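Taking it in order: structure first as structure tokens, then the write-up.
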Amino acid sequence: MRSKMFQSIRICNFKIKSTVQPKVILEKNQFEITLQRLCHQLIEVHSDFKDSVIIGLQPRGTYLAHRITEELKKILKSKKINCGDLDITFYRDDFRKKELIPNRTNIDFIIEDKNVILVDDVLFTGRTIRAGLDAMLAFGRPKDVELLVLVDRRFARHVPIQAKYVGLTIDSIETQNVKVEWKETDGKDRITLLSK
């Protein structure tokens with residue numbers, strides 16, 4: 001039986017690039033159910049969100065933060081849940097080593113003494129979250145900070161960071177990439193695992 005994966009083959013001086021099909025981890029209905037489960041877990045802790053705010057880390061965490069916020073509004077029949085976008089570019093520990101393009105920060109509410117739910121799509125080394133915590137403190141001192149991620153890639157932490165709310169846990173190796181696609185930008189909701 002022929003494998004769907006074709007390895008790189010070197011013929012004379014030509015290199016044929018490998019064609020590796022991504023492994024689909026989550027899509028369509030399962031994706032939606034995972035988002036709804038995360039919302040219900042948040043409601044158990046934060047009730048009506050009167051003293052809580054949601055902050056998505058730029059760039060990919062903002063899609064999850066806004067989707068979670070919209071779903072919470074439907075479930076709670078509430079018009080007001082504070083949700084913002086936080087750029088972490090200049091708080092990253094590698095911003096001097098490579099060219100990074102800053103994104104926009106949009107936080108039009110006070111986080112002082114609030115319960116903050118920090119949101120990102122994938123938790124891997126924890127460095128992005130560490131940068132997010134530093135960037136967030138420029139807006140005040142929250143009462144409490146919790147982390148929500150759609151995908152938790154275990155076994156690769158560089159800093160001691162752990163999510164309280166996790167959509168999906170994936171055991172993957174460092175040579176693999178987890179890609180989260182959003183219907184807002186990619187045309188579909190899907191999580192795939194790719195080998196580098």
- Note on the structure: Given pairs 77/183; 80/179; 77/188; 73/179 and cut-off 29 Å on Cα-Cα distance, the over-length ones are 80/179
- Message: Only sites in a loop by DSSP and with at most 14 other Cβ atoms within 10 Å count here; which trypsin sites (Lys or Arg not before Pro) in region 48-89 make the cut?
- Response: 50, 77, 79, 80
- Rh by Kirkwood over Cα pairs, then Stokes-Einstein D for region 55-167 at 1.306 mPa s and 10 °C, µm²/s: 110
- Message: Can you tally the net charge around residue 143? Count Lys and Arg as +1, Asp and Glu as -1, for every other residue whose Cβ sits under 9 Å from the Cβ of residue 143.
- Response: -2
- Nearby aspartates and glutamates by direct alpha-carbon distance to residue 143 (threshold 14 angstrom, same-chain neighbours under 8 apart not counted): 51, 112, 113
- Rounded to the nearest 500, what is the chain's calculated 222 nm mean residue ellipticity when only DSSP H runs of at least 4 contribute -39500 (n - 2.57) each, over all residues? -8000 deg cm²/dmol
- Net charge over other residues, Cβ less than 14 angstrom from the Cβ of residue 70 (K, R count +1; D, E count -1): +3
- Summing +1 for each Lys or Arg and -1 for each Asp or Glu, what net charge is found among the other residues whose Cβ lies under 10 Å from the Cβ of residue 104? -2
- Going from the alpha-carbon gyration tensor of region 65-130, what semi-axes, largest first and in whole Å, does one get by taking the root of 5 times each eigenvalue? 27, 13, 11
- Of the labelled options [x] 1.01; [y] 1.26; [z] 1.03, which one gives Rg/Rh (Cα atoms, Kirkwood Rh) as computed for this structure? [z]
- Message: At a 10 angstrom cut-off on C-beta neighbours, averaged per residue, how do the peptides 180-186, 144-150, 132-138 rank from highest to lowest?
- Response: 144-150, 132-138, 180-186
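The numbers here are math on the coordinates, done by the rules we state, and not lab data. Treat the numbers as computed from the prediction; the structure is a model and nothing was measured. Neighbour counts run over all protein chains shown; Cβ positions are idealised from the backbone, glycine included.
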